[in-house]
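Peer 1: Dropping the structure in here first, questions after.
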Amino acid sequence: MTEAATDRHVVIVGASLAGTRTAQGLRAQGHTGPITLVGAEAELPYDRPPLSKKLLQGEWSESSVDGIRLATRAELEELGIELRLGTAAADLDPQARLVRLADGTTVRYDVLVIATGAAARPSPWLPESGVHQLRTLDDARAIAARLALGEPVVVVGGGFIGTEIAAAASGRGCAVTVVDPVPEPMARLVGPEIAGSLVELHRRNGVQTRFGVGVVGIEGKAGDLTVELDSGERLAASTAVVGIGSVPSTGWLAGSGLKLDNGVVTDRFLRAIGFDDVYAVGDVARWPHPGHGTDVRAEHWTNAGDQARYVATAVTQGAAAGYEPTDYVWSDQYDWKVNAFGRRDPAGHSVVVGDLQADGRVAVVHADASGAACGAVTVNWIRALNQARRLLAAGASAEDVVEAIRQLP
Ligand SMILES: Cc1cc2nc3c(=O)[nH]c(=O)nc-3n(C[C@H](O)[C@H](O)[C@H](O)COP(=O)(O)OP(=O)(O)OC[C@H]3O[C@@H](n4cnc5c(N)ncnc54)[C@H](O)[C@@H]3O)c2cc1C
């Protein structure tokens, strides 16, 4: 059981999805004490998924940027949330309950919520210019300006973000090549049953792939880059976008005594190990996942919002039960809507329902070793996904989920 009170000073470090939703959630739960939201970016909080989707797909406009804000300044003021934007937290003294900011000031807390998320894993290739990465609004602005030129783009990394950027770039008329050292990178995203169709979709849209091939170096400058592959091939590009994963933003916590291991390690209540008044939420948190039986750090939008709501409730009302994740993620690839939830059990099996080529939609239902449903991936079939989620929550077998999806119109 976690301690509860509604009048403590809650300091939230990280003013993006998890941080903003924690602040809003605290007020929604009746928190009356002061709330301070500290953010390294000067921008008002915004949503990241549209950065690799609609913001890159069309002409860049600052009015579409307004549409992805998580809150307006007025809304946050009305909630009595003190904003400290454009100032990173520099270090933490949990014994004194003090956060020191990069501007030299300190903020004292009763409860600290760490929501510093993750940053793009730095590109090991740094030519004079022309290499981009995507994590922030400014990154997206810079990439959008390059895509608008319609010149050749090499995307390094065939994960969700890399493939979404490839789809957007080809839609803007750029010749695109995606490079990934893994032979079937898209299988990591959607599973081996659908990966081939996803690669086909990219090819149909003019995107070339070099899978199972690594990048040795990138040389030149914006407009005139050469991407050298370990196969010996040299790809000419105007722009390179490197999407090779992300790393949790925990540098400011070094020396704090918090347990850091690929994120801030927490207990099942999302409290930093050994510090009952310090929570971690969102992409930075690594917590014991009840379904996986191991510590997990998720980099998914739904998880960040759910953890924020959980901690807001834990701080104000207390929590008797640990955090239960939804494990849901989606991706937009051209006109395909890919949705996945739950997990694939290596000891279990998966069943395919539907045919992407014939019906334009498909569902893959995962069973664990006992035959119980443990997850699903769907393409263009949200009803199947919702059906599977409902039945999985009720403890149905994978066989029953498959049968129920087959009955859908
Ligand atoms: C381009 C892109 C597309 C995505 N698309 C999808 C998608 O389709 N589906 C999906 O499920 N997920 C998607 N995600 C992932 C999703 O956006 C993240 O899971 C979510 O943003 C996590 O929120 P967060 O608040 O935990 O962390 P973040 O969004 O990383 O925010 C952390 C904030 O903390 C700030 N910060 C860092 N260090 C400090 C410090 N020392 N002091 C103060 N502030 C600090 C950072 O500047 C940042 O603003 C996408 C992510 C990206 C980048």
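The values are calculated or read from the model by the stated rules, or taken from the named source; none is laboratory data. Since we're looking at a predicted model, the values are computed, not measured. Glycine gets a Cβ as well: all are built from the backbone with ideal geometry, and neighbour counts include every protein chain shown. SASA here: full protein model, heavy atoms, side chains in, ligands and nucleic acids out. Shrake-Rupley method; radii C 1.70, N 1.55, O 1.52, S 1.80 Å.
Peer 1: Just to be sure I understand: of the beta bridges DSSP finds with both ends in the chain, what percent are antiparallel, rounded to 5? Intermediate values should be presented prior to the final figure.
Peer 2: Numbers: 50 of 82 bridges.
Given both bridge residues lie in the chain, the antiparallel proportion sits at roughly 60 percent.
Peer 1: Now, a different point. Compare T209, T313 by solvent-accessible area with a 1.4 Å probe and give them largest first, with all protein chains kept in place.
Peer 2: My answer, sorted largest first, is T313, T209.
Peer 1: Taking a probe of 1.4 angstrom, what is the accessible area of L258 in Å², to the nearest 10?
Peer 2: Near enough 10 Å² of accessible area.
Peer 1: Based on the mean of other beta carbon atoms within 10 Å per residue, what is the order of 59-69, 79-89, most packed first?
Peer 2: 79-89, 59-69
Peer 1: Less than 18 Å apart at the alpha-carbon level, and either on another chain or at least 8 residues along: which aspartates and glutamates does that give for K221?
Peer 2: In chain and number order, the partners are E128, D139, E151.
Peer 1: Same structure again: Tally Lys/Arg at +1 and Asp/Glu at -1 over every other residue whose Cβ is under 15 Å from the Cβ of R121; what's the total?
Peer 2: -2
Peer 1: If packing is taken as the mean number of other Cβ atoms within 10 Å per residue, what is the order of 374-383, 321-330, highest first?
Peer 2: Sorting 374-383, 321-330 by mean packing, highest first, produces 374-383, 321-330.
Peer 1: At a probe radius of 1.4 Å, what is the per-residue accessible area of H9, in Å² to the nearest 10?
Peer 2: Counting only protein heavy atoms, the figure is 40 Å².
Peer 1: GNM, the chain, Cα, under 10 Å: largest mean-square fluctuation among E399, E78, E228?
Peer 2: Top of the fluctuation ranking is E78.
Peer 1: Would you rank R390, R141, R73 by solvent-accessible area, highest first, keeping every protein chain in place and using a 1.4 Å probe?
Peer 2: Reading off the accessible areas and sorting them downward yields R390, R73, R141.
Peer 1: Measuring with a 1.4 Å probe in the full set of protein chains, what accessible area per residue, in whole Å², belongs to the chain?
Peer 2: Value for the chain: 41 Å² per residue.
Peer 1: Considering the chain as a Gaussian network with a 10 Å cut-off on Cα pairs, which listed residue, G158, G150, G39, attains the greatest mean-square fluctuation?
Peer 2: G150
Peer 1: For a protection proxy built on the mean count of beta-carbon atoms within 10 angstrom, sort 273-282, 195-204, 333-342 highest first, please.
Peer 2: 273-282, 333-342, 195-204
Peer 1: Okay, helix-only estimate at 222 nm for the chain: each DSSP H run of n ≥ 4 adds -39500 (n - 2.57), divide by all residues, round to 500 deg cm²/dmol; what do you get?
Peer 2: Only helices count here, giving -7500 deg cm²/dmol.
Peer 1: Along Cα→Cβ, 7 Å out, is where each label goes; now give me the distance between the ones at D355 and K53 in nm to one decimal.
Peer 2: Taking the two extended label points, one gets 3.0 nm.
Peer 1: Using a cut-off of 10 Å between beta-carbons, work out the net charge of the residues near C174 (Lys and Arg +1, Asp and Glu -1, C174 not included).
Peer 2: With Lys, Arg at +1 and Asp, Glu at -1, the neighbours total +1.
Peer 1: Can you give me the % of accessible surface on region 122-244 that is carbon or sulfur? Probe 1.4 Å, all protein chains present, nothing else counted. Each step should come with its number before you reach the end.
Peer 2: Details: 2450 of 4870 Å².
Percent of accessible area from carbon and sulfur atoms in region 122-244: 50.
Peer 1: Please list, by residue number, everything in region 100-121 whose backbone N is under 15 Å from a paramagnetic label point 7 Å out along Cα→Cβ of D276.
Peer 2: 110-112
Peer 1: Continuing with this model, one more query. Can you compute log10 of I(q)/I(0) for the chain with the Debye formula, treating each Cα as one identical point scatterer, at q = 0.06 Å⁻¹?
Peer 2: After summing over all Cα pairs, the log10 values are -0.26.
Peer 1: For Cα pairs less than 8 Å apart in space and 6+ apart in sequence, what is the mean separation divided by the residue count of the chain, i.e. the relative contact order in percent?
Peer 2: Reported as a whole number, the value is 16 percent.
Peer 1: Let me ask another. Just reorder I218, I244 by solvent-accessible area, largest first, 1.4 Å probe, all chains present.
Peer 2: The ranking, largest first, comes out as I244, I218.
Peer 1: Let me ask something else. In a solvent-free Debye calculation with one equal scatterer on each Cα, what is log10 I(q)/I(0) for region 207-294 at q = 0.16, 0.18, 0.20, 0.22 Å⁻¹, listed in the order of the q values?
Peer 2: -0.72, -0.77, -0.85, -0.98
Peer 1: I'd like the carbon and sulfur percentage of the solvent accessible area for region 267-409, probe radius 1.4 Å, heavy atoms only, ligands and nucleic acids excluded.
Peer 2: 50
Peer 1: If you add up the charges near P248, with Lys and Arg at +1 and Asp and Glu at -1, over every other residue whose beta carbon is less than 14 angstrom from its beta carbon, what do you get?
Peer 2: Combined, the nearby Lys, Arg, Asp and Glu give +1.
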